[in-house]
Amino acid sequence: MPQYLRLLGIGGIGIIRMSGQDCFKILDKIFQPKTKQQIENIKGYTIKYGNIIEKGEVIDEVLVSYFKEPKSYTTENMCEINSHGGNVMVRKILEMCLENGAELAEPGEFTKRAFLNGRIDLLQAESVMDVIHAKSEREAKTGIKQLEGILSKQIAEIKQDILDVMINIEVAIDYPEYDVDDVTNQQIMDMLIKVEDKLLKLEKSFDNGKIIKEGIKTAIIGKPNAGKSSLLNAILKEDRAIVTEYAGTTRDTIEEFVTINGIPLKLIDTAGIRKAKDEVEKIGIAKSREIAKEADLVIAIFDVTCELTPEDLEILELIKDRKSIIILNKMDLEAVLKEDDPRIQKASNHIIKISALNYRGIDKLYEEITNLFQLNEINLDNEIVITNIRHKNLISKAIKNVKKTKETVENKMPLDIIAIFIKDILEDLGNITGEVVSEDIINEIFSKFCLGK
């Protein structure tokens, strides 16, 4: 049954996408091209100009793209009506499609069909949303590489390593009367070690993948009026946070994204840490402490024109043994607090002097973050990077099953028992690409997609 897409919002062009065996028949009922042709004579990847017609009346002037099976996104017959992008016009054409036998697409319907029809695997399907929701160039690049099948090929190679040995095991179990070379425990163990090494490398890549996809959750903490909001504004290069001479202006958190070396940095400006003056500020300060504990990186900012206070000492204690950067702010003024203060030196090895209000020293902060997270060492050209938590969990599960299988080999268990454990590894890998995945998981994955994909 054909499916349609409605894109809500005002734009120069609106697109209604249709896929399915009867999509051209339905299109023929509402579209009148300037040059009439039988559908069998229209080539795929062709655009035709004409009008949407209802009861002899021109509804809109459109361009229609034709995609013929199997050379389409879904591998089915497909067409896209490019109309004027007003809500009224798009809705009207959509209603005409529905009246002539179409059904509305579910979220992810088109990509789901591409997966079910075998054009892409589940891993590639998930990468479509990674590309759409990418917050940085590196994340988009990773998504594109996954869409091209780079991780799928690696999973296929690992499966082939297993199957090369598994075939001989199955033959030895099912046809013991045949004269075949016995599969030795050493052959099985060599295969398992090889597979484990490859899987461990993929699992480790998730450390970088998580940074690429989710960014670095960064909490900016400090006393009121230390310059937290000024720092946020300096990094964003805009007045996002209110800056005044009065302490305690920020009562709640402010969150913004900025990109450093192609990696998203999720900046969280928190309420100043001090003895609260009212209940609202008390809640904000408690939230600041909680965010600082959960953050991937803590930027602790101190006013160099003042000596360290009990609140400052609490902040220094909070960042110990954490990935942190200490910022000594207001260096354009006469400094009382020095970077060689042993209490500061003890709290962090990463100390920077800046003037947030004058945007001085921000580049040093970028360099420190780059070095701290080794961002320059993330090479997407030559590495496969796992960014999806579902994939990572299944790889981790496969590694556990490899270890269990190695134990059965070491304990000299019969081949048929070893084979059961090896099949568990294959099932884990098959779940990644969707070869053995359940319908419930498929529906859950595609329910997160947007309409039109």
Exercise. So which pairs qualify, if the first residue must be in the range 426-439 and touching a residue at least 24 places away in the same chain (Cβ under 8 Å) and under 16 Å from I386 (Cα atoms), the second must be of a type in the set (S, T, Y) and part of a helix (DSSP H, G or I), the Cβ gap must be under 7 Å, and the two must be at least 6 apart or on different chains?
Worked result: T433/S152
Seminar exercise, completed: Exactly one of A234, A226 is crowded, with 18+ Cβ neighbours inside 10 Å, modelled with pLDDT of 60 or more and in a loop (DSSP other than H, G, I, E, B), and that one is A226
Exercise. From the residues in the range 144-153 that are surrounded by fewer than 23 Cβ atoms within 10 Å (Cβ to Cβ) and not basic (K, R), which one is farthest from G434 (Cα to Cα)?
Worked result: I144
Exercise. Among (1) of a type in the set (D, E, K, R); (2) outside the structural domain of N393 (by TED's automatic domain parsing); (3) in a helix (DSSP H, G or I), which single condition is K198 missing?
Worked result: (2)
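Any chance the range 401-415 includes a residue that's hydrophobic (A, V, I, L, M, F, W, C), over 30 Å from A219 (Cβ atoms), surrounded by 13 or more Cβ atoms within 10 Å (Cβ to Cβ) and under 27 Å from the mean Cα position of the chain (by Cα)?
No, there is no match, as no residue in the range 401-415 is hydrophobic (A, V, I, L, M, F, W, C), over 30 Å from A219 (Cβ atoms), surrounded by 13 or more Cβ atoms within 10 Å (Cβ to Cβ) and under 27 Å from the mean Cα position of the chain (by Cα).
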Exercise. Is it the case that the range 162-177 has a residue that's more than 30 Å from T309 (Cα to Cα) and touching a Pro at 6+ places or on another chain (Cβ under 6 Å)?
Worked result: no
Problem set entry | K55 out of contact with any strand residue (DSSP E or B) (no Cβ under 8 Å at 6 or more places or on another chain) and surrounded by 15 or more Cβ atoms within 10 Å (Cβ to Cβ) | no
Exercise. Can you tell which of E95, E137, E99, E103 is surrounded by fewer than 17 Cβ atoms within 10 Å (Cβ to Cβ) and within 26 Å of N376 (Cα to Cα)?
Worked result: E137
Exercise. What do you reckon, is D321 assigned to a loop (DSSP other than H, G, I, E, B) and either on the phi > 0 side of the Ramachandran plot or touching a Pro at 6+ places or on another chain (Cβ under 8 Å) (or both)?
Worked result: yes
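For (1) of a type in the set (S, T, N, Q); (2) within 23 Å of S447 (Cβ to Cβ); (3) assigned to a helix (DSSP H, G or I), each residue gets a yes or a no:
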| site | (1), (2), (3) |
| --- | --- |
| R91 | no, no, yes |
| L98 | no, yes, yes |
| E106 | no, yes, no |
| E126 | no, yes, yes |
| K135 | no, yes, no |
| E157 | no, no, yes |
| I162 | no, no, yes |
| V171 | no, no, yes |
Problem set entry | Matching option when the condition is touching a residue at least 60 places away in the same chain (Cβ under 8 Å) and within 28 Å of E439 (Cβ to Cβ), among E76, E106 | E106
Exercise. Consider F373 against the criteria (1) farther than 23 Å from E148 by Cα; (2) not assigned by TED's automatic domain parsing to the domain that holds P264: it satisfies all of them except one. Which criterion is unmet?
Worked result: (2)
Exercise. Could you say which residue among E95, E106, E61 is under 22 Å from the mean Cα position of the chain (by Cα) and among the acidic types (D, E)?
Worked result: E106
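The values are calculated or read from the model by the stated rules, or taken from the named source; none is laboratory data. Everything numeric here is computed off the predicted structure, so don't read it as measured data. Here Cβ is always computed from backbone atoms with ideal geometry, including for glycine, and neighbour counts include all displayed protein chains.
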